[in-house]
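To start, the structure under review is shown below, and the notes come after it.
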Amino acid sequence: MSYIVIDESKCKSCYLCINACPKKLIKAKEKPNNFGEYTAEFKDDKKECIACAKCALVCPDIAITKVVKE
Amino acid sequence: MQTIFETPKTIKENSRFSFCPGCDHGVAIKLVAQVLDELGLQENTILVASSGCSVNLYDYLELDCIEAPHGRACAVATGIKRAHKVQGKEKFVFTYQGDGDFASIGLGESLHSALRGENITAICINNTNFGMTGGQMGPTSVLGQITSTSPQGRNKETHGFPIKTAEHIALCDGTSFSARVALFDVKNILKAKNAIKKAFEYQKQGLGFSFVEILASCPTNWRLSPLESHNKIENELTKTYPLGIFKDIKND
């Protein structure tokens, strides 16, 4: 199962990763974090992630710290 | 299990960028860090940071850094490179500047470094305004662009035409590599990484001044969302600033 790791403390909610994901697996959270930002969240219930790392490449804050392929 | 991507080693641990949400500076810094990792240059590199949004770069990169006076990064880099050469040490020296630093206040220093063929690399982030001080009009603002000091839009009669830095640097005989890249989608980010890698390799081979201009978004001062600013770069800015490689000493 491929997955990504999002560091919430670094995410600034620009949502560029949401637009970059070809499988639309990243969404904005429903609850804000300590900075009051609705940060990005990775949800992959059907195990669709292909570990293309496009989200990590476009993230300007390196909040996506890891992409693992299996 | 295979790690496709992880935070580059050259980025300091637990550093949080101070840029606005969606700013392309972060992507550019990430690409620089990745290329330094891949070429194994981290231990031997001296970074010359500049004034502007790139001013606190030493907080994010695990490198030896020096802060240059506004616009004088290429002059400082020249001194560092030459002083080490006299002592028989070969250091990798690069500057990271904004367009207000490289092409406005420091145009003389930058252009003459290229004309002297200094063996350094300059990376210029072009976001078409003075981003840090509140989005004033810079020499790179395109015609008709509304900024805080040109509320009617940039006018060619009173303000003149925007400067095309990469083309100007390409005209200098001392330049080994000059390219303009953008960061608005994945394909262009990968192209930008290749251009930065080539520029760094040319310095390693001692071919002369190498330069990469990166078209970057400034969502806060353009008053657009991060995605809208990427669309603006793709559809509007690339008409004034065409992307491509303008000089490559190995292909000419």
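Laboratory data are not the source of any read-out in this text; all were calculated from the coordinates shown. Note that the structure is a prediction, hence the values are computed from the model and not measured. Because the Cβ atoms are built from the backbone with ideal geometry, glycine has one as well, and the counts that use them run over all protein chains shown.
Restricting the first residue to the stretch B:168-194 and requiring it to be assigned to a loop (DSSP other than H, G, I, E, B), which pairs with a second residue that is of a type in the set (Val, Ile, Thr) meet a Cβ separation below 7 Å and a spacing of at least six or different chains?
Close Cβ pairs (under 7 Å, with a partner that is of a type in the set (Val, Ile, Thr)) amount to B:LEU183/B:VAL27; B:LEU183/B:ILE189; B:LEU183/B:ILE214; B:PHE184/B:ILE233.
Tell me, please, whether a residue that is within 13 Å of the chain's Cα centre (by Cα) and either without any contact (Cβ under 8 Å) to a residue 24 or more places away in the chain or within 12 Å of another protein chain (Cβ to nearest Cβ) (or both) can be found in the stretch B:7-22.
Initial filter on the stretch B:7-22 (within 13 Å of the chain's Cα centre (by Cα)): none.
For the stretch B:7-22, residues within 13 Å of the chain's Cα centre (by Cα) and either without any contact (Cβ under 8 Å) to a residue 24 or more places away in the chain or within 12 Å of another protein chain (Cβ to nearest Cβ) (or both): absent.
Restricting the search to the stretch B:8-39, which residues are surrounded by fewer than 21 Cβ atoms within 10 Å (Cβ to Cβ) and among the small types (Gly, Ala, Ser)?
Answer for the stretch B:8-39, where residues must be surrounded by fewer than 21 Cβ atoms within 10 Å (Cβ to Cβ) and among the small types (Gly, Ala, Ser): B:SER15, B:SER18.
Hey, among B:GLN2, B:GLN42, B:GLN87, which residue is surrounded by fewer than 21 Cβ atoms within 10 Å (Cβ to Cβ) and within 14 Å of chain A (Cβ to nearest Cβ)? Walk me through it before giving the result.
Values: B:GLN42 fails: within 14 Å of chain A (Cβ to nearest Cβ); B:GLN87 fails: within 14 Å of chain A (Cβ to nearest Cβ).
Residue meeting the stated conditions: B:GLN2.
Quick check: anything in the stretch B:216-230 more than 13 Å from chain A (Cβ to nearest Cβ) and of a type in the set (A, V, I, L, M)? Show your work before the answer.
Quick first cut of the stretch B:216-230, residues more than 13 Å from chain A (Cβ to nearest Cβ) only: B:221-223.
In the following step, the residues that additionally are of a type in the set (A, V, I, L, M) were identified as none.
Looking for residues that are more than 13 Å from chain A (Cβ to nearest Cβ) and of a type in the set (A, V, I, L, M), one finds none in the stretch B:216-230, hence no.
Could we say that A:GLU48 is in contact with a strand residue (DSSP E or B) (Cβ under 9 Å, 6 or more places away or on another chain), more than 13 Å from chain B (Cβ to nearest Cβ) and either surrounded by fewer than 18 Cβ atoms within 10 Å (Cβ to Cβ) or assigned to a loop (DSSP other than H, G, I, E, B) (or both) here?
On the way: in contact with a strand residue (DSSP E or B) (Cβ under 9 Å, 6 or more places away or on another chain): no; more than 13 Å from chain B (Cβ to nearest Cβ): yes; either surrounded by fewer than 18 Cβ atoms within 10 Å (Cβ to Cβ) or assigned to a loop (DSSP other than H, G, I, E, B) (or both): yes.
So A:GLU48 fails the test.
For the stretch A:13-25, what are the residues that are out of contact with any helix residue (DSSP H, G or I) (no Cβ under 9 Å at 6 or more places or on another chain) and under 12 Å from B:GLY22 (Cβ atoms)? Spell out how you get there, then give the answer.
So in the stretch A:13-25, the residues out of contact with any helix residue (DSSP H, G or I) (no Cβ under 9 Å at 6 or more places or on another chain) come out as A:13, A:23.
Scanning the stretch A:13-25 gives a single hit, A:SER13.
Looking only at residues in the stretch A:19-34 that are surrounded by 17 or more Cβ atoms within 10 Å (Cβ to Cβ) and more than 9 Å from chain B (Cβ to nearest Cβ), which one is nearest to B:LEU183 (Cα to Cα)?
Our first condition is that a residue be surrounded by 17 or more Cβ atoms within 10 Å (Cβ to Cβ); within the stretch A:19-34, this holds for A:20-21, A:25-26.
Applying the additional criterion that residues be more than 9 Å from chain B (Cβ to nearest Cβ) yields A:21, A:25-26.
Details: A:CYS21: 16, A:LEU25: 22, A:ILE26: 21 Å.
Looking at the filtered set, the residue picked out is A:CYS21.
Name every residue in the stretch B:223-246 that is part of a helix (DSSP H, G or I) and touching an Asp or Glu at 6+ places or on another chain (Cβ under 8 Å), in order of residue number. I'd like the intermediate steps shown before the answer.
Our first condition is that a residue be part of a helix (DSSP H, G or I); within the stretch B:223-246, this holds for B:226-240.
Result: B:HIS230, B:GLU234.
Any idea how many residues of the stretch B:90-123 are over 16 Å from the mean Cα position of the chain (by Cα) and crowded, with 19+ Cβ neighbours inside 10 Å?
Let us first name the residues in the stretch B:90-123 that are over 16 Å from the mean Cα position of the chain (by Cα), namely B:90-92, B:108, B:112, B:115-119.
Remaining after also requiring crowded, with 19+ Cβ neighbours inside 10 Å: B:92, B:118-119.
Number of matching residues: 3.
Which residue, of B:THR78, B:THR3, is assigned to a helix (DSSP H, G or I) and among the polar types (S, T, N, Q)? Even if it seems obvious, please write down each step before you answer.
Values: B:THR3 fails: assigned to a helix (DSSP H, G or I).
None of the others qualify; the one that does is B:THR78.
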